[in-house]
Amino acid sequence: MQEVKNLQPANAEDVEQLRIKYLSKKGVIAQLFADFKNVANEEKRMVGQMLNELKNTTQDMLNDMKDKYANQGSAAKLDLTRTPSAIEFGTRHPLSIVKNEIIDIFSRIGFTVAEGPEIEDDWHVFSALNFPPEHPARDMQDTFFIEKNPDILLRTHTSSVQTRVMTTQKPPIRVLCPGRVYRNEAISYRAHCFFHQVEGLYIDKNVSFADLKQALLYFAKEMFGSETQIRLRPSYFPFTEPSAEMDISCDICGGTGCNFCKHTGWVEILGCGMVDPAVLEACGIDSKVYSGYAFGLGVERIANLKFRCKDLRMFSENDLRFLKQFDSAL
Ligand code: DAH
């Protein structure tokens, strides 16, 4: 054994010589097996085991050596002048591109990113956000429930991360909460059972609706160009009072009217409002000292506007021909 170990074969031919010497039919080990008959009966068992072990170990060592030298010949044939095959780079997903752009824009005015779980309890998604018990959003039609009583569900909006941030941090709070949300909707070109949102939340002393409007105007101009105009329409969300929906002047026709904006010149892009004092209180923030604004926007919606993609399903079908188009999009 020692002899085999100490032999340093230089190439595949040396390894073959070693194999012939030790493992061939007339090799050293075969000879030892032939002599086995002369071993005393009481020692046969032990010697037999040793012989088998010797044979197996030698075989393993030779196999290793063989592998090591097997490719040696091909190295000499390596053509270093050949053009290498191109490395395929992946591309960023269009929704990631848009999400990162949104984060980038708001981070320039002091927002940081907060994330939360996709599987949530009722309190973080609904109760703390002032949804009355009979609110239709809790309905089986909208929400994917994982467990009932107490309810565990897939979050239907990233506003649940607001709740998590407000219960764990002290104002001033200025966060963006990007993430995937789920709703029990029939899948079509304009609806999916999961999509992506970015929630924004700003809580401090003396935060006003004017601050909200200014932040959103800044966002719209950065995202869609400095010509972009915004308008706010009164709306309703349980967690904001007053609430509004924001439209931007249609990016496609420039406000003159087209199919995309249904000939109105305006496209809705987000919901927003002043955080309802009841929500602040539920999360342990003194509503007499602090006020805040919140907004929530759909990433797919912004991506549709930016990329003129008409079918929402394309974003989750993993078709490389589609995905590769957005490489240098923003
Ligand atoms: N959570 C709302 C939704 O999913 C979006 C939203 C609207 C978020 C208004 C907000 C807000 O923070 O103020 O439809």
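What follows is calculated from the coordinates using simple rules that are stated; it is not laboratory data. Note that the coordinates shown come from a computational prediction; the quantities given were computed from them, not determined experimentally. FYI the Cβ positions are ideal-geometry reconstructions off the backbone, even for glycines, and counts take in every protein chain you see.
Data table
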item	result
Shape box of the range 212-265 [Cα atoms, principal axes, largest first, Å]	33, 23, 11
Integer Hz, Karplus 6.51/-1.76/1.60 couplings in order for the range 229-238, x for Gly and Pro	10, 10, 9, 10, 10, x, 8, 9, 9, x
Net +/- balance of residues flanking Tyr202 in space, Cβ distance below 9 Å, scoring K and R +1, D and E -1	-1
Cα centroid of the range 46-125 to Cα centroid of the range 126-199, whole Å	35
Cα-Cα over 31 Å, subset of Lys148/Lys306; Lys213/Lys288; Lys213/Lys262	Lys148/Lys306
Options Leu23, Pro117, Ile285, ranked by Cα towards positive dipole end of the chain, top entry (Cβ charges)	Leu23
The chain: relative contact order in percent, alpha carbon pairs under 8 Å with at least 6 residues between	16
Among the listed pairs Lys21/Lys44; Lys221/Lys310; Lys170/Lys310; Lys221/Lys324; Lys26/Lys66, those beyond 30 Å (Cα-Cα)	Lys170/Lys310
Anchor Lys205: aspartates and glutamates whose Cα lies under 13 Å away (excluding residues fewer than 8 positions away in-chain)	Asp286
Principal-axis tilt of helix 41-70 within the chain, Cα atoms, nearest 10 degrees	60
Student exercise, the chain dipole from Lys, Arg, Asp, Glu Cβ charges, in Debye to nearest 20	980
Most mobile listed residue (Asn259, Asn184, Asn63) in the chain, GNM with C-alpha springs under 10 Å	Asn63
Whole-Å semi-axes of the ellipsoid equivalent to the range 29-147 (Cα gyration tensor, √5λ, descending)	71, 34, 13
Positive-end extreme of charge dipole, the chain - chosen from Met223, Gln197, Trp266 (charges on Cβ)	Met223
Whole-Å semi-axes of the ellipsoid equivalent to the chain (Cα gyration tensor, √5λ, descending)	69, 29, 19
The range 142-226, dipole about Cα centre (Lys/Arg Cβ +1, Asp/Glu Cβ -1), debye to the nearest 20	140
Near-label residues of the range 107-149 by backbone N, under 14 Å of a point 7 Å along Cα→Cβ of Ser316	143-144
Candidates Val175, Val198, Val15: whichever shows maximal mean-square fluctuation once the chain is modelled as a Gaussian network with Cα springs under 10 Å	Val15
Gaussian network model of the chain, springs between alpha carbon atoms under 10 Å - residue of Gly271, Gly298, Gly225 with greatest fluctuation	Gly225
Ascending count of other beta-carbon atoms within 10 Å, so fewest first, for Met46, Met61, Met223	Met46, Met61, Met223
Principal-axis tilt of helix 94-107 within the chain, Cα atoms, nearest 10 degrees	60
Sum of side-chain charges, Val267 neighbourhood, beta-carbon under 10 Å (Lys, Arg +1; Asp, Glu -1)	-1
Note, ³J(HN,Hα) from phi for the range 118-131, Karplus 6.51, -1.76, 1.60, rounded to Hz, x at Gly and Pro	7, 8, 10, 9, 4, 4, 5, 8, 10, 4, 5, 9, 6, 7
Mean Cα-pair separation over length for the range 1-150, i.e. relative contact order, pairs under 8 Å, 6 or more apart, %	18
Value of D in µm² per second that Stokes-Einstein yields for the range 260-330, Kirkwood Rh from Cα pairs, at 10 °C (1.306 mPa s)	102
Residue order, fewest to most surrounding Cβ atoms within 10 angstrom, among Glu42, Glu227	Glu42, Glu227
Of Phe315, Gly298, Leu153, farthest towards positive along the dipole that unit charges on Lys, Arg, Asp, Glu beta carbons give the chain	Phe315
Helix 159-168 vs. the chain, principal-axis angle (Cα, 0 to 90°, nearest 10)	80
